[in-house]
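Below: the structure, in structure tokens.
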Amino acid sequence: MITPKKQYSDEFKEQALAKVYNRGKRTIQDIADESNLSIHTLKTWMSNTVPTATSTPTPAKRPQDWRPEERLLALHESHGLTGEGLSAWCRQRGLFAHQLVQWRSDFCAAARPRSGGDDSLMLRGLKAENQRLERELNRKDKALAEAAALLILQKKVRALLAGEVE
């Protein structure tokens, strides 16, 4: 007998997804068991609520799960908001103002050009490491050639001794 498909309200789905996205160290299976759902149903809901790059992220999405494009869009939308307006905007999206500040500093740090001194030091270090590795490779090549030569000599000696014994 086939059981009819259960219909869940949008509010129930949002609550379940909010629990999943804010679960901490708990597993999705734990949340599904707690909500009396199948894990497959919950994962289907999760995959259906993934926002596109142009849409506003869902409130249940964890801040660390936001893609860079979504973060940039959030920074753009929240630019110029202060006080109560910023707090309301953040609550609506499940964020905190300090996360926006961190995202802004991350974008600014990524856009800053590095100084030339750092690059030359890194290049010098890479060259030294390259030379060290080449010396080690040459040493191992010589050791391998010597081992091969000894094996060949050993075979020749055995062949000569085998011929004299007969």
* From the list R132, R93, pick out the single residue that is basic (K, R) and closer than 30 Å to L17 by Cα. => R93
* **Residue in the stretch 83-112 that is surrounded by the most Cβ atoms within 10 Å (Cβ to Cβ), counting only those that are part of a helix (DSSP H, G or I) and of a type in the set (K, R)** => R93
* To do: Report yes if L160 is closer than 30 Å to V20 by Cα, modelled with pLDDT under 95, surrounded by 10 or more Cβ atoms within 10 Å (Cβ to Cβ) and out of contact with any helix residue (DSSP H, G or I) (no Cβ under 8 Å at 6 or more places or on another chain), otherwise no.
  => no
* In the stretch 38-50, is there at least one residue being at pLDDT below 80 and surrounded by 14 or more Cβ atoms within 10 Å (Cβ to Cβ)? -> yes
* **Filtered residues of the stretch 90-129 (kept if of a type in the set (K, R) and either in contact with a strand residue (DSSP E or B) (Cβ under 8 Å, 6 or more places away or on another chain) or at pLDDT 80 or above (or both))** => R91, R93, R104, R124, K127
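Any chance you could count how many residues in the stretch 65-85 are over 23 Å from the mean Cα position of the chain (by Cα) and at pLDDT below 85?
Kept after step one, since they are over 23 Å from the mean Cα position of the chain (by Cα), are these residues of the stretch 65-85: 76-85.
Checking which are at pLDDT below 85 leaves us with 79-85.
Final tally of qualifying residues: 7.
Can you tell me which residue is nearest to W66 (Cα to Cα) among those in the stretch 1-45 that are free of Cβ contacts under 8 Å to residues at least 40 places away in the same chain and among the small types (G, A, S)?
So in the stretch 1-45, the residues free of Cβ contacts under 8 Å to residues at least 40 places away in the same chain come out as 1-13, 15-16, 19, 23-45.
Filter again for among the small types (G, A, S), leaving 9, 16, 24, 32, 35, 38.
Numbers: S9: 26, A16: 19, G24: 16, A32: 23, S35: 25, S38: 26 Å.
If we take residues in the stretch 1-45 being free of Cβ contacts under 8 Å to residues at least 40 places away in the same chain and among the small types (G, A, S), then G24 is nearest to W66 (Cα to Cα).
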* Asked: Is there a residue in the stretch 98-108 that is more than 29 Å from L17 (Cα to Cα), among the basic types (K, R) and outside the structural domain of Y21 (by TED's automatic domain parsing)?
  -> no
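The values are calculated or read from the model by the stated rules, or taken from the named source; none is laboratory data. In this text the structure is predicted, and so the values were computed from the model without any measurement. All Cβ positions, even for glycine, are placed from backbone atoms using ideal geometry, and neighbour counts span all protein chains on display.
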